[in-house]
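Trainee: Quick one: the structure is below, questions incoming.
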C-alpha cells in the first residue's frame, strides 16, 4: 500500500517553519547542556570531601595529597615532638577522615623533632631520688642492675648514658644499683650462761636480730642471763637472720615491768640521710623509725621498753652510735 504523503511537495512557508523549529531545538539543546554542565560544576564544588591523613608526610607530600582533594594547606607553626621526626607533619586540623567542602584550609603543625636533654648525674642518689631527678627532665629509668657494694642499699653506683650527654627526651637511663654488702655466713656462738646484753653486743656487728626473748623465773641466777638459745651453738646463720633466747628473771624483779620512755636524736650536718632507730630490750629488737631526714632535724620518739634498753642509731644503714634508754 502506498504512503499517501509520499512525494507531497513542501511549500516554502512550511520549509521556513521547519528550519525555524530546528534552530529553536538546537538552541534549547545547548541551554540544557550548559545548564547540566553548570549544575555538575556547582555540585562538584560543594560536594563534601574526605580529608586525607597527612600526619607523617613531609610538606610537599602533604600539599600534593590535599591539592588532589581540592584542599589547601596552611602551616600554623613548628614545635618539638618526640614521636614525629623533624620536618614531617605532626598534627592537622580538620582531622583525617573528616568531611569538608572543596577549597577549605587544613591547618598543620610541622615537627621540629625530639628535643635534646642533658643527662644529669644521679650517682650517689637513692633510687627513688634518681627516679625523680630523671623524670623531672623527661627522661626515663631504664634497666636496673644490682651489685653488692659497700654503699648503702638502693644507692645508684653507675649510669648509662653518662652525665652531660645530650640525648632525646624520653631516653632511658640504665642504672647500676647497690644491693648492699653480700650476706655472710656465721657460726652461732654459744651464748648460754652469759648476760643477754653481751649476747646482743656480740650479734649486732653481724646484723643478726634478736626476734624473741622469753623470761623464766630463776632466783639463783642474775637477771637477764641466757638459759637457752635458738639456733643452737655451731649452727650456720646468715646476716640479718633472727635468733631467740630464754633468759632468767628473779621473782621480785621489777625490770620485767614495761615502762614508757623517749629516744631523742638530732641529725648531723651534711646531706639528707636515712635515719633508722632500732631499740633493744628484754623483749627483743624492734625498728621504731626508718625515714629520710634533713640535716639538723630533731627526732623525738616515745617507746615502751622492758628491762635494760638501748637505742641503736643508723645513718644510711651504717651504725653510728648506741644510746641508753632510761
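Read-outs: derived from the displayed coordinates by stated rules, not from any lab. This is a predicted model, so every value here is computed, not measured. Cβ atoms come from the backbone with ideal geometry, glycine included; neighbour counts cover every protein chain shown.
Trainee: What FRET efficiency do you get for residue 61 and residue 97 if R0 is 30 Å and r is their Cβ-Cβ distance, rounded to the nearest 0.05?
Mentor: Calculated value: 0.95.
Trainee: Quick check on packing: order 315-322, 83-90 by the mean number of other C-beta atoms within 10 Å, highest mean leading. All intermediate terms of the calculation are to be shown ahead of the outcome.
Mentor: Numbers: 315-322: 14.8, 83-90: 16.4.
Packing order, densest peptide first, comes out as 83-90, 315-322.
Trainee: In whole Å, what is the distance between the alpha-carbon centres of region 230-261 and region 306-321?
Mentor: 17 Å
Trainee: Turning to a different aspect of this structure: Taking Kirkwood radius over Cα pairs in Å straight from the coordinates, which label in (1) 20.7; (2) 19.8; (3) 28.9 is the correct one?
Mentor: Of the listed options (1) 20.7; (2) 19.8; (3) 28.9, (3) comes from this structure.
Trainee: To the nearest 0.05, what FRET efficiency results for residue 300 and residue 158 with a Förster distance of 45 Å applied to their C-beta separation?
Mentor: Numbers: r = 38 Å, r/R0 = 0.85.
Between residue 300 and residue 158 the formula returns 0.70.
Trainee: Need one number: nm distance between label points at residue 230 and residue 174, each 7 Å from Cα along Cα→Cβ, rounded to one decimal.
Mentor: 4.7 nm
Trainee: Can you give the FRET efficiency for residue 321 and residue 149, using 1/(1 + (r/R0)^6), R0 = 22 Å, r = Cβ-Cβ distance, to the nearest 0.05?
Mentor: Working: r = 24 Å, r/R0 = 1.08.
That gives a FRET efficiency of 0.40.
Trainee: Between residue 251 and residue 181, what length in nm is gained on full extension when 0.36 nm per residue of separation is reduced by their alpha carbon distance? Don't jump to the answer; show the numbers that get you there.
Mentor: Values: separation 70, 0.36 × 70 = 25.20 nm, distance 4.36 nm.
This chain segment gains 20.8 nm when fully extended.
Trainee: How much of the DSSP beta bridge set in the chain is antiparallel, as a percent to the nearest 5?
Mentor: Numbers: 54 of 75 bridges.
Rounded to the nearest five, the antiparallel share is 70 percent.
Trainee: Which value at 222 nm does the chain reach when only helices count, each DSSP H run of 4 or more adding -39,500 (n - 2.57), with the total divided by all residues and rounded to the nearest 500 deg cm²/dmol? Don't jump to the answer; show the numbers that get you there.
Mentor: Numbers: 4 runs with 61 residues, N = 326.
Rounded to the nearest 500, the figure is -6000 deg cm²/dmol.
Trainee: Let me ask you something else. Over the chain, what is the relative contact order in percent, taking alpha-carbon pairs closer than 8 angstrom and at least six residues apart? List each step's numbers first, then the result.
Mentor: Details: 644 pairs, mean separation 32.5, N = 326.
Reported relative contact order: 10 percent.
Trainee: Out of the DSSP beta bridges found with both residues in region 49-111, what percent are antiparallel (nearest 5)?
Mentor: 50 percent
Trainee: Now for a separate question. In whole Å, what are the extents of region 116-178 along the principal axes defined by its C-alpha atoms, from largest to smallest?
Mentor: 35, 17, 17
Trainee: Helix 12-46 against the longest principal axis of the chain: what's the angle in degrees, Cα atoms only, rounded to the nearest 10?
Mentor: On a 0 to 90 degree scale, this one is about 10.
Trainee: Hey, how many Å between the Cα centroid of region 134-190 and the Cα centroid of region 116-130?
Mentor: The two parts, judged by their Cα centres, are 10 Å apart.
Trainee: Can you check what the Kirkwood hydrodynamic radius comes to for region 49-111, Cα pairs only, in Å to one decimal?
Mentor: On the way: mean 1/r = 0.0877 Å⁻¹.
In region 49-111 this quantity evaluates to 11.4 Å.
Trainee: Okay, moving on. Against the empirical 2.2 N^0.38 Å scaling, what ratio does the C-alpha Rg of region 146-240 come to?
Mentor: Working: Rg = 22.2 Å, N = 95, 2.2 N^0.38 = 12.4 Å.
Cα Rg divided by the expected 2.2 N^0.38 Å: 1.79.
Trainee: Another question, then. Simple spin-label model, 7 Å along Cα-to-Cβ: residue 198 to residue 290 in nm?
Mentor: 3.1 nm
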